[in-house]
Amino acid sequence: MPDKRTLGEQCQRQPAARRILHGALVALAVFSAVFVISRTAAPYLISSTLVRSAMEHAVAEWTGHDVTMEGAPEIAFWPKPRVTLNGVTISKPGAEGPKVLGRIDKLSATFGLYSAMRGRPQFDTFHLLRPRFHVDRDLNGRLDWASEGLLSAAVRKVAPRDGAAQALEPELDAAVGAVTIEDGSLELADQASGRTLVASGIAAEIAWPKLSQALKATALVDAGGLAVKLDFSSPQPLLLFGGKDATVSANLDAAAFTARFDGVANLTDGLLRSGALALGAKDIAALKAWSGIRLAGLDNLKQAQLSADLERVGEEVRLDDLEFDVNDTHGTGILSLSRPADGKPRVSGTLAFDRLNITRLLSAFSLDLPSAGEEDQVAERPPRLLQWLDFDLTLSAARADLPPFELGDVAASIMATGKAAQFDIADAAFEGGDLTASFIGAGSGFARGGDLTLSIRDADFAAVADHLQVTGPVARGKGSVDLILNTAQPAWETGLSDMSGTFKFSSPGGVLTGINAPAIRKLAATSAYFQLSAGGEGSMPYDRLDYSARFADGTAEVLDARLTGPDETLTVTGIVPYADNALALSGELTATDPANEAAFPRLRFFIGGAWPDPVLSPIYLPSANPLK
């Protein structure tokens, strides 16, 4: 049997529920009736002239400028009361008559019935159709929209509050609401730079409850043919508009690039003060075409992105915790940008690469100025980085490409200005040994060549020969090189005939391939001349090998070439016209130990013909063997 008490309670609750539902339905019916009656009666209770005048007054109060409109306003009361002004013009007095600051095809806003009935309509949820704004910025950075309007007054009176906020006096803290912009445009004429910036096709949604509160905006903009989406927010918009430091968050996204900043910015000088910065170039070709940038080496760039913590200290901008990717190169580091009073902006800092291409690096830091008679070609030459910036960078790389070689654990630096350039490798692993180098550019950059000093210690020259694909006799063993050369051509394009300098090579032990000393002696005993290859395959071991030469104009003069082996010693002198792949040398084979001269008699010969298979002509032949 069910509990009688429970049934009783249910019976008591049912009438109460019906009463609540009945009351709710009555309230809804009354509200609906009032809503419909108010909308129906509103045209008879509210003066359109009053609403129009109040709307014009509100716009003038906000901007501080004269506001006029064309034709009669449009007022609708369903579903919400809304007034629309047509042909709105915002202007200010000028020396030659009114100066137009903006035109709006249609300006509409919602308003409250109660406030309108009282004769003081309050507007919100603004909609601007095809607004055209014109802004002039003078040499002091002042905008011609600055005035005595409500917004300007709020900008002047606002003060920073503890944390990322702003404080405003209650009498100035007006309600704004939502603002929608459809098919707008903005033209900014900057007297300082002489440039006019135009943004068109603007579609924006702005949420700003009150002047003292945070502003959020989303906009789509056609910037010179490139569609850009902007997401922006700031808890301190009035501070930002007033040219003071303000916290902002901004994100730009386009087909060609992306940019994001979260931190502190200042509109007066157009500066980012501090914060997290991220930049990305997704389509270099499109970005280049849009921006009109001409820069040597830009065609080799496919994609790039960068992120860093930005900090401005005085006139210096620092990028800490920098991380970047350029094509297939990843790197990290710290950079700073400063501008000396007497020079171009200077970029300095430390960069660490996973992998670095030295050839491309030197090419990027080249300033290829025209020589005499080429001045008319300046317009056709893309500018280089050094025409805009000076550099002083410390570099490191786990791997570095210097074709056909690969360096490891590279520590380097580059100093490049419009007057001088120097690239140093303080230390690098090279084919099992160590490499140091210094390349001083000839004047401006490296495109005109320069002076190179190179030192290699204890490297595997068998591997070096393999990389260079050297044919003919090759020293295979550990060795060291000292090279000093000068070239008037870019180092990455120069040939041997363009170089001059000195070369020294030493090796403490190894073999010289392509030299079969016993076969050479046999051929010398029976032939007046023969090619080196006639001796067949073989190699000559050595305990010490020294070679030095000076070279210029495609010819090398051998100053010293001595191979000291366990049994024989080979010495060579003469010249090598390497531009013609020719040889003009004299050589000598002798016993390393004079006591063994009978077993290894002295043999002198000329070396001519062409490398890698020269012709040997003995100078002294044993008298018992006639020439054949």
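Points worth noting:
- Each residue, D222 and E74, gets one label point 7 Å from its Cα in the Cβ direction; the gap between the two is 2.3 nm.
- HN-Hα J in Hz across segment 227-237 - Karplus 6.51, -1.76, 1.60, θ = phi - 60°, x for Gly and Pro: 6, 10, 9, 10, 10, 9, 8, 7, x, 10, x
- Global size of segment 215-270: 12.0, 32 Å for Rg and Dmax (C-alpha atoms, Rg to one decimal, Dmax whole).
- Residues of segment 497-519 with an amide N closer than 12 Å to a point placed 7 Å from the Cα of V470 along the Cα-to-Cβ direction: 504-507, 511-514.
- Segment 174-267: C-alpha pair distances exceeding 14 Å, %: 71
- For the pair T180 and D138, the difference between a 0.36 nm per residue extended length and the Cα-Cα distance amounts to 12.2 nm.
- A cut-off under 11 angstrom between Cβ atoms defines the neighbours of H330, and their net charge, with Lys, Arg +1 and Asp, Glu -1, is -3.
- Kirkwood Rh and Cα Rg combined as Rg over Rh, evaluated for segment 458-517: 1.03
- If you model segment 228-300 as an ellipsoid using its alpha carbon gyration tensor, with each semi-axis the square root of five times an eigenvalue, the axes come out at 28, 13, 10 Å, biggest first.
- Cross-link pairs exceeding 25 Å between alpha carbons, from the set K216/K244; K244/K282; K157/K229; K99/K244: K244/K282; K157/K229; K99/K244.
- The phi-based Karplus calculation (6.51 cos²θ - 1.76 cosθ + 1.60; θ = phi - 60°) puts the 3J(HN,Hα) values of segment 498-506 at 8, 10, 9, x, 10, 9, 10, 9, 9 Hz, whole numbers, x for Gly and Pro.
- A simple count of charges around E597, restricted to other residues whose Cβ falls under 12 Å of its Cβ and scoring Lys, Arg +1 and Asp, Glu -1, yields -2.
- Surrounding net charge for A429, when Lys and Arg each add one and Asp and Glu each subtract one, Cβ distance under 15 Å: -4
- In segment 192-247, one over the average inverse separation of all distinct C-alpha pairs is 12.9 Å, which is the Kirkwood hydrodynamic radius.
- Reachable lysines, given that their alpha-carbon falls under 24 Å from the alpha-carbon of K504 and they are not under 8 places away in the same chain: K478
- At an R0 of 56 angstrom, the distance between the Cβ atoms of A192 and D560 translates into a FRET efficiency of 0.30.
- The slack between T125 and D451, meaning 0.36 nm per residue of separation minus the straight C-alpha distance, is 110.4 nm.
- Whole-Hz couplings from phi, Karplus 6.51/-1.76/1.60, listed for segment 405-413; x for Gly and Pro: 9, 10, 9, x, 6, 7, 10, 9, 8
- Note on A463 and A584: their simple-model spin labels are 3.9 nm apart, each label 7 Å out from Cα toward Cβ.
- Inter-part distance where segment 192-214 and segment 395-426 are each reduced to a Cα centre, Å: 45
- Taking a straight line from the alpha carbon of K419, these lysines sit under 24 Å away, with near neighbours fewer than eight places off in the same chain left out: K344.
- Qualifying trypsin sites (Lys or Arg not before Pro) in segment 413-513, DSSP loop, other Cβ atoms within 10 Å at most 15: K419
- For R156 and K99, the FRET efficiency from 1/(1 + (r/R0)^6), where r spans their Cβ atoms and R0 equals 25 Å, is about 0.65.
- Sites A528 and A598, calculated FRET efficiency, Cβ-Cβ separation with R0 22 Å, nearest 0.05: 0.35
- Counted over all Cα-Cα pairs of segment 474-556, pairs farther apart than 19 Å make up 58 percent.
- Inter-label distance for K229 and Q303, nm, one decimal - labels placed 7 Å from Cα along Cα-to-Cβ: 1.8
- For L101, the residues 5 or more places off, or on other chains, whose built amide H falls under 5 Å of its own are I90, S91, K92.
- Cα-based shape type of segment 391-518, given that a ≥ b ≥ c are square roots of the gyration tensor eigenvalues and the cut on a/c is 1.5: prolate
- Selection from V470, A421, T453, by position along the positive dipole direction of segment 395-472 (Cβ): A421
- Scanning residues 5 or more positions from A420 or on other chains, those with amide H under 5 Å from its amide H are G445, with H placed 1.01 Å from N in the peptide plane.
Read the figures in this text as sums done on the coordinates, not as results from a lab. Since the structure is predicted, the reported quantities are computational estimates derived from the model, not experimental observations. Don't worry about glycine lacking a Cβ; one is built from the backbone with ideal geometry, like all the others, and counts go over all protein chains shown.
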